[in-house]
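The values are calculated or read from the model by the stated rules, or taken from the named source; none is laboratory data. In this text the structure is predicted, and so the values were computed from the model without any measurement. Note: ideal-geometry Cβ built from the backbone for every residue, glycine included; neighbour counts use all protein chains shown.
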Amino acid sequence: MAATIPALPESASQRISVLGGGWLGLPLAQYLHAQGYEVAVSRTTATGVAEVRKLGLPAFELALTVETALPDSTFWHVPTLLITVPPQQGKSEGEQLAQFAQLIERIRASGVQQVLYISSTSVYADDEQLATEESMPAPTKPGGIIVRQLEQLLQQEATFRTTVLRFGGLIGYDRLPDSAAAMQRRSRAVDSPMNVIHRDDCVRIIHEIVRQQAWGEVFNACADAHPTRREYYAAAARARGFALPNLGPVQLQPYKVVSSEKLKAQLKYKFFFPRPLSIFEQPARDVL
């Protein structure tokens, strides 16, 4: 039986730490701060810490390594920890699992009560089926294999509750196709459905999970529509005024279509960008 986790006073429950102040984590922290939460952010370098502090947020230099234990600090002594750190390229599966085990030890010792882990829809197989939270994860790519194992490490912990949030591919802002050359570099499987989500939706969904205290859950999060990459590139080329490059013949590779119906129903969430192609028809919405 899971351990009973005592409730915190209202004032304490407003404190959040974001592990990983990168492309998603930093705007997330800024948004939560604007909503009235006390937010701290981690970066891996002193320069990164200085950048965050210039924005008026508390920042801590923390890096997941096998060689060095994570130091104790006020960063960890919060009720809610949001983990936005992606798998690290160039590091072995064993090394990343060891790093994460060390992270869990630090969380366990700090009194964190709830954790949100940003995972990926890559945990599902490309079996040409609809992937829901009830689907059995069966990752085949290295990134999907490691995030699935990290999910399980967190979910088996009894001292805190974990919600796993499986995002599709992250898009928006500077992560949009902006040239024919960029499109040609990613011209594989251009006729398979895409599972993507705009960063503005990512930030707001995380806020809703925190606000509604939706802990101990698994949610998929992708835009409702699933255009092919060929359609996506065509919309981008029209919007940005350059010719669509030759993407070759039809290339339908194994795929999956990820459903976010559970998230929409349980959190009563309405996507700001339910159609990825609409990103090229309207400006991105400033989350702040």
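What to note about this one:
- Only residues that are surrounded by fewer than 17 Cβ atoms within 10 Å (Cβ to Cβ) and either within 21 Å of residue 128 (Cα to Cα) or at pLDDT below 95 (or both) were counted in the stretch 191-237, giving 3.
- When 50, 63 are screened for being of a type in the set (A, V, I, L, M), surrounded by fewer than 18 Cβ atoms within 10 Å (Cβ to Cβ) and at pLDDT 95 or above, only 50 passes.
- Any hit, the stretch 196-206, residues being closer than 24 Å to residue 139 by Cα and more than 18 Å from the chain's Cα centre (by Cα): no
- Some residue of the stretch 167-190 being under 21 Å from residue 130 (Cα atoms), surrounded by 15 or more Cβ atoms within 10 Å (Cβ to Cβ) and at pLDDT below 95: yes
- Filter result for the condition that a residue is in contact (Cβ under 8 Å) with a residue 12 or more places away in the chain, exposed (fewer than 15 other Cβ atoms within 10 Å of the Cβ) and in contact with a strand residue (DSSP E or B) (Cβ under 6 Å, 6 or more places away or on another chain), over 154, 130: 130
- Some residue of the stretch 65-72 being touching a strand residue (DSSP E or B) at 6+ places or on another chain (Cβ under 9 Å) and touching a residue at least 12 places away in the same chain (Cβ under 8 Å): no
- Top-ranked residue of the stretch 73-98 - restricted to ones that are among the aliphatic types (A, V, I, L, M) and touching a Gly at 6+ places or on another chain (Cβ under 8 Å), ranked as farthest from residue 14 (Cα to Cα): 85
- Applying the criterion of being more than 17 Å from residue 180 (Cα to Cα) and surrounded by fewer than 15 Cβ atoms within 10 Å (Cβ to Cβ) to the residues of the stretch 238-258, the residue that is modelled with the highest pLDDT is 254.
- Hits in the stretch 92-109 - residues which are of a type in the set (D, E, K, R) and in contact with a helix residue (DSSP H, G or I) (Cβ under 8 Å, 6 or more places away or on another chain): 93
- Filtering the stretch 66-92 to residues that are among the acidic types (Asp, Glu) and either within 15 Å of residue 25 (Cβ to Cβ) or at pLDDT below 90 (or both) leaves only 67.
- Screening residue 170 on (1) closer than 26 Å to residue 227 by Cβ; (2) part of a strand (DSSP E or B); (3) free of Cβ contacts under 8 Å to residues at least 60 places away in the same chain shows it passes everything except condition (3).
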